[in-house]
Each structure stands twice: as structure tokens, then as C-alpha cells.
Amino acid sequence: MGRQNADGVDVIAGEANATMEALGRLAGRIAHDVNPRLEERAEAGSVGMAWAGTSRGGETVLVVDDEAAVRSAVREILQPTGYLVLEAGSGEEALRICAGQEGPIHLLLTDVMMPGMSGPEVAQRLARMRPGMRVLYMSGYSDDTMIRHGVVERGMAFLQKPFTPDTLAHKVREVLDAELTCRGEP
């Protein structure tokens with residue numbers, strides 16, 4: 001994995017690949033090389049996957065990440081559990097989707113560090129359009145690193161990459177079910 005530096009924080013290129021590899025193993029896709037019958041079990045119905053029955057939802061989730069593989073993985077995890085998943089590859093695209101979406105968007109799931117507009121900036125701008133929308137940040141860095149560099153604040157909902165399908169499903173449900181504080185954050 002290559003390293004880049006953005007605003008004093010080392011960015012590890014390839015975090016999406018690590019997430020996809022972990023998710024693929026859990027879904028039986030990579031394991032197919034070892035045992036082709038595992039893929040058959042995974043394809044038998046995504047609802048039968050380990051995480052699918054754990055955290056059901058019917059809400060709309062807007063996923064913003066510059067890595068298509070991460071957006072795809074999140075969609076493949078959340079859609080079988082009943083969520084409507086909207087995808088944006090940038091902050092600008094997220095703004096367009098949010099403006100064009102007639103129904104509610106219950107949760108913004110955004111990468112913290114992206115080219116152009118950062119995740120916190122996306123959240124701040126979308127909050128003006130959708131004040132009741134919850135926010136869950138995700139990053140390949142720990143939340144302590146993000147706080148230390150002033151990228152996110154302590155107490156904000158955070159999910160570290162790579163994550164398992166079960167961890168993602170539970171964290172999404174936790175953020176959606178949390179009571180809002182006076183600042184509008186869970």
C-alpha cells in the first residue's frame with residue numbers, strides 16, 4: 001500500500017482494497033478459490049448471509065466515498081437488510097443527490113478524507129438541506145487520530161475501515177436509533 005499525505009495526516013492508499021478483501025472473504029467470494037461450494041452458499045440468497053438478519057432497516061442511507069469498491073461493498077451489505085442505499089463518489093455529487101431526493105435521507109455515511117470536499121464538510125453542507133439527517137463517519141484511521149488532527153470531534157459517530165459486514169450493519173442501526181443531542185448528533 002502506498003502512502004500519501006493530506007493536511008498532515010498520512011493517507012494509506014488501498015484501504016478500500018483491504019475492506020473489499022475482508023468483506024469478500026466473509027461473503028464467500030474470495031474463499032471460492034479454496035472451496036467453490038462456499039460461493040454457492042453465498043449466492044443462495046444474500047439474506048442468508050451472517051449479517052443480513054442482525055440489523056434490519058427501512059431507512060435511506062447516502063454513502064459518500066471516493067472509492068467505488070467501498071460504496072459497492074456498503075450497498076451489498078445494507079440493501080439486503082432493507083435499507084435504500086444512495087451512492088456518491090464525491091461531496092459535490094452528494095449535494096446533487098441530496099437536492100434531487102424527494103424522500104427523506106436518514107443517514108449520511110461518509111468517508112472522512114476525500115479529494116475536494118472532506119466528509120465533515122459534506123456533512124455540514126448537507127445538514128443545512130436535511131437538518132434531521134444522522135451522520136456516521138468512516139475512515140482507515142482511528143477516531144483518536146481523526147480527533148487529534150481536528151478532522152472530527154469527540155463524540156461523533158465513527159466506523160474504522162476495514163470493517164466487517166456485521167460491524168457496519170450494527171453501527172448503522174445504532175446511529176439511526178440513537179437519540180439526537182442538542183447539536184443534532186447522536
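Might you let me know whether the stretch 15-28 holds any residue that is buried (at least 19 other Cβ atoms within 10 Å of the Cβ), modelled with pLDDT under 95 and acidic (Asp, Glu)? Yes: one or more hits. Within the stretch 65-94, residues that are part of a helix (DSSP H, G or I) reach partners that are among the charged types (D, E, K, R) with beta carbons closer than 7 Å, at six or more positions or on different chains, in the pairs ARG71/ASP65; ARG71/GLU87; ARG75/GLU87; THR81/ARG56; GLY91/GLU121. When the residues of the stretch 139-149 are filtered to those that are in a helix (DSSP H, G or I) and surrounded by fewer than 21 Cβ atoms within 10 Å (Cβ to Cβ), the one that is modelled with the highest pLDDT is ASP144.
Take MET156 and decide whether it is assigned to a loop (DSSP other than H, G, I, E, B) and at pLDDT 90 or above. Taking the combined requirement at face value, the residue does not satisfy it. Note on the stretch 99-124: among residues that are over 13 Å from ASP66 (Cβ atoms) and aliphatic (A, V, I, L, M), the one that is surrounded by the fewest Cβ atoms within 10 Å (Cβ to Cβ) is ALA99. For ALA123, indicate whether it is free of Cβ contacts under 8 Å to residues at least 24 places away in the same chain and of a type in the set (A, V, I, L, M). Yes, satisfied.
Table: residues versus (1) hydrophobic (A, V, I, L, M, F, W, C); (2) modelled with pLDDT of 85 or more; (3) in a loop (DSSP other than H, G, I, E, B); (4) under 18 Å from GLY58 (Cβ atoms).
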position: ILE105; (1), (2), (3), (4): yes, yes, yes, yes
position: MET114; (1), (2), (3), (4): yes, yes, yes, no
position: GLN124; (1), (2), (3), (4): no, yes, no, no
position: ALA127; (1), (2), (3), (4): yes, yes, no, no
position: PRO131; (1), (2), (3), (4): no, yes, yes, no
position: VAL151; (1), (2), (3), (4): yes, no, yes, no
position: ASP166; (1), (2), (3), (4): no, yes, no, no
position: HIS170; (1), (2), (3), (4): no, yes, no, yes
position: LEU180; (1), (2), (3), (4): yes, no, yes, no
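The values are calculated or read from the model by the stated rules, or taken from the named source; none is laboratory data. Just so it is clear, the model here is predicted, and its values are computed rather than measured. Positions of Cβ are backbone-derived with ideal geometry, glycine not excepted, and every protein chain shown enters the neighbour counts.
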